[in-house]
Amino acid sequence: MTGRDRLRELLDAVLDDDNDDLGAMAGRAYSSPFHFSRVLRRGTGEAPVAMRRRVMLERAAWQLRRGTSVTDAAFAAGYGSVEGFARAYARGFGHPPSATPSRPGDHWLPAPNGIHFHPPTSLWVHTTERPMNPVTETMVGHDLDDTRLLLDEAKGLDDDVYRHEHLPGALVTAWDGGEGSIAVVLEHLVRSREVWLAAIDGADHPVRGGDDVAALVARHEAVAPRWRAVWRDVERRGAWDDVLVDALCDPPESFVMSSVLAHNLTYAAYRRQLVRLMLRASGRTVDEGDPIMWLRGRTEHEEDR
């Protein structure tokens with residue numbers, strides 16, 4: 001007689017259509033939420049709710065490719081609104097759900113365990129998949145989320161405070177010029193990703209958008225999923241030593257892809273701290289921007305759901 005595959009039973013509980021939260025998953029597996037989460041994380045390297053959300057998005061991508069409407073895919077994946085689904089989909093895949101994958105396998109998202117949705121209703125364990133480097137994922141994710149947090153902090157500022165030179169003479173890079181106001185630093189945070197993405201895509205130099213907070217939020221929301229997708233793709237392909245020839249430079253310059261990410265993370269971290277200094281100078285109370293606290297908050301949120 002074949003013995004029980006306890007991990008498989010736990011995975012079945014995660015993906016059961018009736019189990020939309022941690023309590024329901026644990027109940028289906030006749031386990032406490034704490035024990036269920038601990039055992040599954042130990043066996044797969046992924047929290048139950050995070051795994052379910054990822055696999056449901058993968059299933060949605062497969063359904064969309066077969067002609068399912070965005071609305072039907074959203075509700076089948078357990079989302080309460082099409083807007084929430086579209087944001088999660090874009091964050092995961094780097095493009096909106098209207099831009100569906102064209103080839104089999106394109107519906108997979110990065111996973112630490114090779115576990116993916118396999119049509120029509122089963123799982124596929126891809127044993128040769130290169131796992132995402134948690135350092136890369138953490139640093140890119142924190143950079144993007146922290147930028148959005150600071151944009152949200154700036155929403156309530158009067159325009160004169162937003163554009164005031166709190167730090168006259170502040171300079172991050174010589175080619176960008178002075179960055180003494182909240183407005184300028186936030187715009188440079190968003191703009192740098194837009195320009196580098198254009199260089200990576202071989203596109204024209206992007207037109208500069210508005211620099212009021214609402215415009216910057218819209219620009220950030222457009223560029224963030226694409227930025228995340230680029231580095232996930234580089235990680236999957238092991239392409240860190242690939243060379244980018246940037247035709248936007250005059251004359252064109254070449255850059256190793258790993259140095260492009262290091263460059264952006266370095267200057268983005270400096271800019272985010274400059275914004276915090278200026279927000280505090282304007283009377284705002286803001287956190288320290290610590291990636292440890294950011295990751296802890298994300299983990300606790302996933303386990304509580």
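Here are a few things to note about the model shown:
- Residue match in region 227-250 (condition: at pLDDT 95 or above, in a helix (DSSP H, G or I), of a type outside the set (V, I, T) and surrounded by fewer than 16 Cβ atoms within 10 Å (Cβ to Cβ)): no
- Taking each residue of region 256-284 that is assigned by TED's automatic domain parsing to the domain that holds V172 and looking for partners that are polar (S, T, N, Q) and buried (at least 19 other Cβ atoms within 10 Å of the Cβ) with beta-carbon atoms closer than 8 Å, six or more apart or interchain, yields N264/S192; Y267/S192; A268/T147; A268/S192; R272/T147; M278/S181.
- Verdict on G209 being assigned by TED's automatic domain parsing to the domain that holds D143 and either of a type in the set (D, E) or surrounded by 14 or more Cβ atoms within 10 Å (Cβ to Cβ) (or both): yes
- If the condition is being among the small types (G, A, S) and more than 15 Å from the chain's Cα centre (by Cα), then region 228-252 contributes G238, A239, A247.
- Residue check, P120 modelled with pLDDT under 85, surrounded by fewer than 14 Cβ atoms within 10 Å (Cβ to Cβ) and not assigned by TED's automatic domain parsing to the domain that holds V217: yes
The values are calculated or read from the model by the stated rules, or taken from the named source; none is laboratory data. Note that the structure is a prediction, hence the values are computed from the model and not measured. FYI the Cβ positions are ideal-geometry reconstructions off the backbone, even for glycines, and counts take in every protein chain you see.
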